[in-house]
Every structure is written in C-alpha cells, then in structure tokens.
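Asker: Provided herewith is a single structure, encoded as structure tokens, for subsequent inquiry.
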Amino acid sequence: MTARSLDKARLAAVIDEVLHRHPAGGLAVGVVGRDGLEFFEGFGVADTARGTPITQDTVFRIGSISKTFTAIAVMQLRDRGLIDLDDPVSEHLRSYRLAPARSSFPPATIRHLLTHTGGIGEFRGLADLFRPTIGLALPRDRPAPSLAAYYRGELRVEVEPGTKWAYANHGFATLGQLVEDVSGEPFASYMGGHIFGPLGMDSTDFTRTGPIQDHLATGYALRKQGLKAVRDRDIAVAPAGSVFSTTADMARYTAALLGGDGGPEPFLSPGLLAEMFGPQYQPDPRLPGIGLSFLRGDVGGHRTIGHDGGWPGFISTMVVAPDDGVAVLAFTNAGSVAPGRVSDAVLREILGVVADGPRLDVPEHPEVWDGICGWYGPGPGPLTNARVRMLVGAGAEVTVRESHLVLRGLTPVPRLRKGFRLHADDPADPYLFRLDLTDLGAGTWPVAFSRNGDGTVAALRAIARRR
C-alpha cells in the first residue's frame, strides 16, 4: 500500500464518527491493498433476531457493483476476439432485440451500453413506475423469467445512442445476455468459471447457493422505532445488480483491480484495467465522466474509480484509488447513506486528505452570470429522464441569491427547491463550479456549463463522482 501506514485505531474512530451522524443496521468496512484485505471492522448485526455479528464472511447484496463484473466478462470476450466494443449489440444478441424508437437511429453498440449511453431508459415502459422497485423486483417463490421473457422479445431504445447519458440497468442486463449468447454458457456459470472462480471468490454468486443463503444478512429499513425487515425479493435484471458477496471476497476482487497487469489470468489481460478505468464518455472534458462501467472521480486530487449499489435493505460502496494502491469497501444491510460517507472518510484518512468542501479562494465572475442563469431541462425521453426527474423534478434553475449563484430543482421537495450554492472552482474558468451538498452529507460535485461557438451557454453538465 503506497498510502501512509494504516492506523487501525484511528480508522475505527473515523467510522464511529460517521455512524454517530448516519446510523446503519449492520456495517462491514474493509481497506484493501494490492496484497489483499489490510483492515476490517464490523459494526452492528447481520440479523437482529439472532444477534448474528457482522464478519468478513457475512454475505451482502452489493447491488449495482455487479455491473463491474458484467463489464469485465464483456471485456474478456473482446480480448478473445469474439466481439469488438464498437460492434452493434444486434450483431451478437440472439435472445431478444433492441428496438429503436426511430428508424433513423444508428445502432446501439456494446461500448454504448458499457457507458450508459445506449439510449435505454430506467424503465421498460412507464407501467414499471407502479411495480415493485420500478419493475426490477421478483417474488422469491417463483422461478425468474428469462430476460427474453422479461422484455417480451424486445427492449426499447428511446433516444439516439451516443447522444445522452442515462443510467440503465436494462442496458447492463442486456450485456449479461450478450455474454451468454456469445459464450454459449449460462451467464451465472460463465461468471463463476471465468471471474469468481479464478479469484477464489467462493462466497460470491448471482444466485442464492446454499452457503450464500446461510450467511446472507437480513435487509432492513431504518425507522424511528428501529430496524424493520424489508420484503426479500429477487432481481429480474441479474447482470445489473444481483451479486451476493462478502467483504473477504470483494477484497480479492479489489486487490486484483489494484494489481493492474499483474492480476491473475484469465481474469485480466494487459492494459484491460487501464482501458476500463479511463474516460470513455465525458459530456464535458472538464468532468471525470465514466469509464467502461466504472465511475470516475477524485478525492483531494487522487484519482478514483468505483461503483455504488443499492437494493431495498442494502447499500454498498466500492471506491478504488488505483494510483495509491488502496481501496475501501463498505456494505450495510439497511437503507442508510453510511457506506458512502464511511468510504469517503476512511479513504481521506488513509490518503491524508482534508475533509471535502468547496474552494473559498477562487474569485467569482458576476459578469458572466446573466448568460448562466436560467432554466435547464432534461433532454428528450421520459424513460431516460427518470433519474433526473427524481432529483430535480421538472428541471433545474440557476439563479442569483444573496450575491451568489444557486442551483435549485423545480420539485416539490423543499430542500431541493430551496437550492444549493454554486462555488467558483477554477480561477481560469468562470464556467466551472462546485455544487455544495455538504449539508446533506454528500460532499461537493463538479458542475460545468458548456458553451456554443458564439460563447452562449448551451448546457449544464454534471456527470461525475463526488469529490
């Protein structure tokens, strides 16, 4: 580990500080170096009725971190010469079809799906709004349908591929189906044989094998009266979010991510991780953007990649600082923001980086504010706008309040409607800001205003991980 030496007592104290502000049910925290798990601390219980403690071997549902495994499987197929990332998905997908809303759309490529730019939305259709977990949840007492049956033979491409970033579980489910169709193996079998097995992840799978079910934490919702168990459901789009794993197993995975070209074969090939971690889609060059499934960001100037995950009763975070040889894992069995706050605080402690906050030394430029102020609406497409609508409602407005720029959502939620200050972030660029969400415990986020050739402001861009 190239970061400063671990002070395990201090790390435990840092975690305690966060938990005093952001309670969780059970919480598992791991710090990983290139040689594996260097620090572990368990808090709370995996099951309140039995009083089961949280250990390195407690199984959690890690949600959308699953997408990174699916992406690696796709890259393995690429490295074997079976596919190319810029191939149309339709060249390899056999089980169902992608159905473009307009015949003029170019085909969605594999790279589009890996970067959430395939034009696929958050829902199959608007009826998913009225189904459990927006149509992603399945009863545990019924066999899961195939993805072909789940999509009834086709999945809608709502907007032109490559023109818009929209988080898409269904896009990653389709990548999993592509892995199955191209490899000729059932998806879960392929993942076990080519990723989990080679890494020694014996307690990790997309399904509930016996040992996994035996050690699976119970998921809870946080209530004023205490923890309330949530209904346990399966996930229809397994390749996008169905992995069950432990801190010990995920430490093996993140150690391999830190190992670069020295990772175990056939899990990795030379240069694969550099390609996956690099910027594959940037709506604005001033923002970190996204790699191939991995979300990019920085912590105090240190490059990070990673992913978060959520499912009712479970929240997970994996953040990797590849240049520093360190990663932090945090999993909880409750609907809590604690994993994100803990991983950020622990990584900062290890790297010696001060707590997040906006810069106060950058002068503001009111002379450009008239061009920035106004209303910013989402792009076309209700299915691809779902996540934006949940955050800002009808759109976002930039206005001046008390001699400062403020970004507010056009939403009934009072705190979002009130807005948050935009802080100047670059002395040489008056169109680059930091959105201050520290009072929500969410740090600060980069916001860039892009301009047309004539200098007029064209769009507000904010795709990046929190710093």
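The values are calculated or read from the model by the stated rules, or taken from the named source; none is laboratory data. The structure presented is a predicted model; accordingly, all values stated were derived computationally and were not measured. Ideal geometry is used to build each Cβ from the backbone, glycine not excepted, and the neighbour counts take in all protein chains shown.
Asker: Testing P358 on (1) part of a loop (DSSP other than H, G, I, E, B); (2) within 30 Å of L273 (Cα to Cα), one condition comes back false. Which one is that?
Answerer: Going through the list (1) part of a loop (DSSP other than H, G, I, E, B); (2) within 30 Å of L273 (Cα to Cα), P358 breaks only (2).
Asker: Among the numbered criteria (1) at pLDDT below 95; (2) surrounded by 21 or more Cβ atoms within 10 Å (Cβ to Cβ), which one does L222 miss?
Answerer: Exception for L222: condition (2).
Asker: Any residue in region 246-261 that is of a type in the set (G, A, S), modelled with pLDDT under 95, outside the structural domain of L85 (by TED's automatic domain parsing) and closer than 29 Å to A462 by Cβ?
Answerer: No, region 246-261 contains no residue that is of a type in the set (G, A, S), modelled with pLDDT under 95, outside the structural domain of L85 (by TED's automatic domain parsing) and closer than 29 Å to A462 by Cβ.
Asker: Follow-up question, since we're still on this one. Since L178 meets every condition but one in (1) of a type outside the set (S, T, Y); (2) modelled with pLDDT of 95 or more; (3) over 20 Å from the mean Cα position of the chain (by Cα); (4) part of a loop (DSSP other than H, G, I, E, B), which condition does it not meet?
Answerer: With respect to (1) of a type outside the set (S, T, Y); (2) modelled with pLDDT of 95 or more; (3) over 20 Å from the mean Cα position of the chain (by Cα); (4) part of a loop (DSSP other than H, G, I, E, B), L178 is out only on (4).
Asker: Got a sec? Which of S343, S403 is of a type outside the set (V, I, T), outside the structural domain of A168 (by TED's automatic domain parsing) and buried (at least 18 other Cβ atoms within 10 Å of the Cβ)?
Answerer: Details: S403 fails: buried (at least 18 other Cβ atoms within 10 Å of the Cβ).
Sole residue among the options that is of a type outside the set (V, I, T), outside the structural domain of A168 (by TED's automatic domain parsing) and buried (at least 18 other Cβ atoms within 10 Å of the Cβ): S343.
Asker: For region 312-333: of the residues being in a loop (DSSP other than H, G, I, E, B) and small (G, A, S), which is farthest from G36 (Cα to Cα)?
Answerer: Just the residues of region 312-333 that are in a loop (DSSP other than H, G, I, E, B), to begin with: 312-313, 322-325, 333.
The next check asks that each one be small (G, A, S); those that pass are 313, 325.
Details: G313: 28, G325: 11 Å.
Among those residues, the one meeting the criterion is G313.
Asker: Scan region 125-152 for residues that are at pLDDT 95 or above and basic (K, R) and report the count.
Answerer: The number of residues fulfilling the criteria is 1.
Asker: Step by step: first the residues of region 72-122, then only those that are outside any helix (DSSP H, G or I) and of a type in the set (S, T, N, Q), then the one that is nearest to G162 (Cα to Cα). Which residue is that?
Answerer: T117
Asker: Considering only residues of region 129-153 that are assigned to a helix (DSSP H, G or I) and of a type outside the set (G, A, S), which is surrounded by the most Cβ atoms within 10 Å (Cβ to Cβ)? Show your work before the answer.
Answerer: Going through region 129-153, the residues assigned to a helix (DSSP H, G or I) turn out to be 129-130, 132-135, 147-150.
This time we only want the ones that are of a type outside the set (G, A, S), so: 129-130, 132-134, 147, 150.
Values: L129: 12, F130: 8, P132: 13, T133: 14, I134: 14, L147: 22, Y150: 18.
The selected residue is L147.
Asker: Among D84, D35, which is of a type in the set (D, E) and without any contact (Cβ under 8 Å) to a residue 60 or more places away in the chain? Lay out the reasoning, then the answer.
Answerer: Details: D35 fails: without any contact (Cβ under 8 Å) to a residue 60 or more places away in the chain.
The match here is D84.
Asker: While we're on this one: Considering each of G171, G184 in turn, give the residue that is within 21 Å of F123 (Cβ to Cβ) and either touching a His at 6+ places or on another chain (Cβ under 8 Å) or modelled with pLDDT of 95 or more (or both).
Answerer: Working: G184 fails: within 21 Å of F123 (Cβ to Cβ).
When all the criteria are applied, what remains is G171.
Asker: Here's something else I'd like to know. Applying the selection to region 358-374, what residues are under 23 Å from G443 (Cβ atoms), surrounded by fewer than 16 Cβ atoms within 10 Å (Cβ to Cβ) and either out of contact with any His (no Cβ under 9 Å at 6 or more places or on another chain) or hydrophobic (A, V, I, L, M, F, W, C) (or both)?
Answerer: The first filter runs over region 358-374 and keeps only residues under 23 Å from G443 (Cβ atoms), leaving 358-364, 372.
Then drop every residue that is not surrounded by fewer than 16 Cβ atoms within 10 Å (Cβ to Cβ), which leaves 359-361, 363-364.
The answer is L360, D361, P363.
Asker: Please determine, by comparing only the residues of region 375-389 that are touching an Asp or Glu at 6+ places or on another chain (Cβ under 9 Å), hydrophobic (A, V, I, L, M, F, W, C) and outside any loop (DSSP other than H, G, I, E, B), which one is surrounded by the most Cβ atoms within 10 Å (Cβ to Cβ).
Answerer: Just the residues of region 375-389 that are touching an Asp or Glu at 6+ places or on another chain (Cβ under 9 Å), to begin with: 375-376, 380-387.
Still in the list and also hydrophobic (A, V, I, L, M, F, W, C): 375, 383, 386.
Then drop every residue that is not outside any loop (DSSP other than H, G, I, E, B), which leaves 375, 386.
Numbers: W375: 11, A386: 21.
Filtering region 375-389 for residues that are touching an Asp or Glu at 6+ places or on another chain (Cβ under 9 Å), hydrophobic (A, V, I, L, M, F, W, C) and outside any loop (DSSP other than H, G, I, E, B), the one surrounded by the most Cβ atoms within 10 Å (Cβ to Cβ) comes out as A386.
Asker: Here's a check for you: in region 1-44, which residue that is among the β-branched types (V, I, T) and in contact with a Leu (Cβ under 9 Å, 6 or more places away or on another chain) is nearest to A330 (Cα to Cα)? So that I can check it myself, show each step before the final result.
Answerer: The initial filter retains those residues of region 1-44 that are among the β-branched types (V, I, T), namely 2, 14-15, 18, 29, 31-32.
After this cut, where a residue has to be in contact with a Leu (Cβ under 9 Å, 6 or more places away or on another chain) as well, the list is 15, 29, 31-32.
Details: I15: 10, V29: 4, V31: 9, V32: 11 Å.
The residue in question is V29.
Asker: Say whether the condition of being outside any strand (DSSP E or B), under 12 Å from E364 (Cβ atoms) and not hydrophobic (A, V, I, L, M, F, W, C) is met by at least one residue in region 406-414.
Answerer: Here is the first cut: in region 406-414, the residues outside any strand (DSSP E or B) are 411-414.
Remaining after also requiring under 12 Å from E364 (Cβ atoms): none.
Within region 406-414, none of the residues are outside any strand (DSSP E or B), under 12 Å from E364 (Cβ atoms) and not hydrophobic (A, V, I, L, M, F, W, C).
Asker: Got a sec? Which of L98, L126, L85 is surrounded by fewer than 22 Cβ atoms within 10 Å (Cβ to Cβ), over 22 Å from the mean Cα position of the chain (by Cα) and of a type in the set (A, V, I, L, M, F, W, C)?
Answerer: L126
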